[in-house]
Structure formats: C-alpha cells, structure tokens
Amino acid sequence: MQKILEEVVEENRPLAKRGRVASYIPALAKADPNHLGICIVDVNGDIYKIGDADVKFTIQSISKVISLMLALIDNGEKVFEKVGREGTEDPFNTLYKLDFPHIEKPVNPMINAGAIATTAQIKGDKFGRILELIRRITGNADIDYSREVYLSEKATGEKNRAIAHLMKARGIIEEDPEEILDHYFKQCSIEVTACDLAKIAVFIANGCSGLESYGKIDRKTLSRNLLAIMTIGGMYNVSGQYAAQVGVPSKSGVGGGIMAAVPGRMGIGVFSPPLDENGNSIAGCAIMKSLSDRLDLSIF
Ligand code: DON
C-alpha cells in the first residue's frame, strides 16, 4: 500500500500547479499550495499515510456530511421535508432557484443552502454537537475550529446570508437566520487533517457503528443516506462525472480536503489546497481516480 501511495503522489503532485487555493474567504488564501497528503484507514483500523497527512486545514463543506448525520440522528427521514436528496448541475453556492415559487426546498444537503437548512434541524447547540461528534468519531479530542477562518467567513459571507434569509422568508428555516449562519460558519472552520477525514470516512463506510449514546438509531438507513447523498452531490456539479470516473462516495471542501468512504472497505482523506473551477481539490480528485483504479474501489 505504501508503494502505491508513493506512486500516486508522484504522478499527481504536478496537477496541483493547475489549480488555485480558495480566496473568496480571505483567510483561506493563506493556504500553502504545496501541501499534499493522503491517509487511508481500513475497516481493520490499519492506517497508511503519506506526505502532509497530519497537517491541519479547515474542513469547510465536508462538515456538511456531519451536520447531515446529526440532523438524521435527531429527526430521521423528516429531514427531507426541508431539504431534498437529488443531484444538481448548479454550483455549491447557488441561490436563485430558491426563489422559484414551485421550489419548496434546497436540492440536497451538500450545497450551501441545503447544508444551512440541515444544520437548522440539529437540536440544541448545533455547532457544539457537530464538534463533539467529529471529536468522538476521530478519537481526537483536540479538534477545534479556527477563530481566524470563522471570523473571515462571517465577515464575507453575504451570499450565504442571502441564502439563509431567503430560506427564512420561504419557511424552509424557522429560526433566526443569523444564528444558524453562525453555527454554519463555525462548522466550516473546524480544523482537521487528512487522517481525521479518513477516520470519519471509515466510520461511515463501516455502517456508522458506535453511536449508541445518541439513542436508537437505524444505522443502515443513516449510512445509506450519507453514502447516497455524498455520491449524488458530494463533489458538487461534477458529482456524476466523479461517480463514473472514481466511483467512491466522497465529499470535498474548499480547504482542499476530500473525504471518501469505500463501503465495507476503507476511508480515505486527501489534502491538497489548489482547487479547480468547481471548488474541488484538483490534485485530490486525480489522486482519488488513481487510487480507485489501482485498488479497484469503484462501487459501480
Ligand atoms: O459556505 C462556504 O462557502 C464555505 N464555508 C464552504 C464551501 C465549500 O467548502 C465548498 N466546497 N467545495
């Protein structure tokens, strides 16, 4: 496995030069474009890693999987009364369809609107519970959020603000939009490593066991929903192409992370900050394709 990781890094590292680190959130522009790391955790708990697999970066949109997990734990399938689970060719920060009279909810929990509507459904201290769940799944009690990135997101989050207020006006969210946004900005600013992502991914890939203290949970329904929704929307408007080429339920974030769950086999975390025009890590996607080809990971 280590040899495969070395080859995959060598083959795909040059691709990072073709992308650009996210800058629409000013604090993200400070990311080092040369960072590149991969971590694989298999269902037996064996860990394989290479490069900057222990370097911290902000989880960004990958947190949408965790907020969906908690919303499903709290509400079951009722979650889908307020957010759909269909694919879209629109970008992750799309807003305009939310104002169409016949559209009653955001298309899926992986776009910003859908994620904000999902976080709104988490009971109690939404952010606190998201952070606690991430710490628990990863076994890493030191995970926290970056105050700098959080404040930067909050200061420049006009588009997300427009989305949340429009959803309040349309009855998709009921609470104060500013309060929900505060939880959303914080959840996106949680700092993780590629190894943390691999641990969350293997947890999902292995059927989400170990959440007994969260009450009676239908684990099969939970992991199936997460894997299915990551497949149809985790890589945004190129999720279909990624499904055909890589074939692994995955979620990307503008911090440069990709979290990929291979059902029954392993979790993968990849980190490389330069992004393509859709907001996905450019080397990260190529690394996932190489790993899928070599390890025969496609679920299709
Ligand atoms: O809401 C935002 O724009 C960011 N906090 C998260 C977006 C994101 O990661 C999209 N990912 N590719």
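The values are calculated or read from the model by the stated rules, or taken from the named source; none is laboratory data. Predicted model, so just to flag it, every value in this text is computed and none were measured. All Cβ positions, even for glycine, are placed from backbone atoms using ideal geometry, and neighbour counts span all protein chains on display.
From (1) surrounded by fewer than 20 Cβ atoms within 10 Å (Cβ to Cβ); (2) closer than 19 Å to Ala286 by Cα; (3) modelled with pLDDT under 95, pick out the condition that doesn't hold for Pro26.
(2)
Could you count how many residues in the range 38-58 are of a type in the set (Val, Ile, Thr), in a strand (DSSP E or B) and touching a Lys or Arg at 6+ places or on another chain (Cβ under 8 Å)?
Selection size over the range 38-58: 3.
Hey, can you tell me all the residues within the range 61-101 that are under 24 Å from Val192 (Cα atoms), part of a loop (DSSP other than H, G, I, E, B) and among the hydrophobic types (A, V, I, L, M, F, W, C)?
Phe92
Select the strands (runs of 3 or more DSSP E) contained entirely in the range 221-276, then report the ones holding at least 1 residues which are of a type in the set (A, V, I, L, M, F, W, C) and crowded, with 24+ Cβ neighbours inside 10 Å.
Details: elements: 250-252, 257-262, 266-271.
Filter on the range 221-276 gives 257-262, 266-271.
Every residue, every condition in (1) charged (D, E, K, R); (2) within 16 Å of the chain's Cα centre (by Cα); (3) more than 17 Å from Lys64 (Cα to Cα), yes or no:
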residue: Asn93; (1), (2), (3): no, yes, no
residue: Leu98; (1), (2), (3): no, no, yes
residue: Asn108; (1), (2), (3): no, yes, no
residue: Ala113; (1), (2), (3): no, yes, no
residue: Thr118; (1), (2), (3): no, yes, no
residue: Gln121; (1), (2), (3): no, no, no
residue: Arg135; (1), (2), (3): yes, yes, no
residue: Thr138; (1), (2), (3): no, yes, no
residue: Tyr145; (1), (2), (3): no, yes, no
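Answer with yes or no whether Gly255 is touching a residue at least 60 places away in the same chain (Cβ under 8 Å), among the small types (Gly, Ala, Ser) and more than 16 Å from the ligand (Cβ to nearest atom). Full working, then the answer.
On the way: touching a residue at least 60 places away in the same chain (Cβ under 8 Å): yes; among the small types (Gly, Ala, Ser): yes; more than 16 Å from the ligand (Cβ to nearest atom): no.
No, not satisfied.
Matching residues to (1) within 10 Å of the ligand (Cβ to nearest atom); (2) without any contact (Cβ under 8 Å) to a residue 40 or more places away in the chain; (3) hydrophobic (A, V, I, L, M, F, W, C):
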| residue | (1), (2), (3) |
| --- | --- |
| Asn160 | yes, no, no |
| Leu166 | no, no, yes |
| Glu174 | no, no, no |
| Gln187 | yes, no, no |
| Thr193 | no, no, no |
| Asp196 | no, no, no |
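Looking only at the range 277-300, how many residues end up being assigned to a helix (DSSP H, G or I), among the small types (Gly, Ala, Ser) and in contact (Cβ under 8 Å) with a residue 40 or more places away in the chain? Even if it seems obvious, please write down each step before you answer.
Of the residues in the range 277-300, the ones assigned to a helix (DSSP H, G or I) are 282-295.
Going one step further and asking which of them are among the small types (Gly, Ala, Ser), we end up with 283-284, 286, 290, 292.
The next check asks that each one be in contact (Cβ under 8 Å) with a residue 40 or more places away in the chain; those that pass are 283, 286, 290, 292.
The number of residues fulfilling the criteria is 4.
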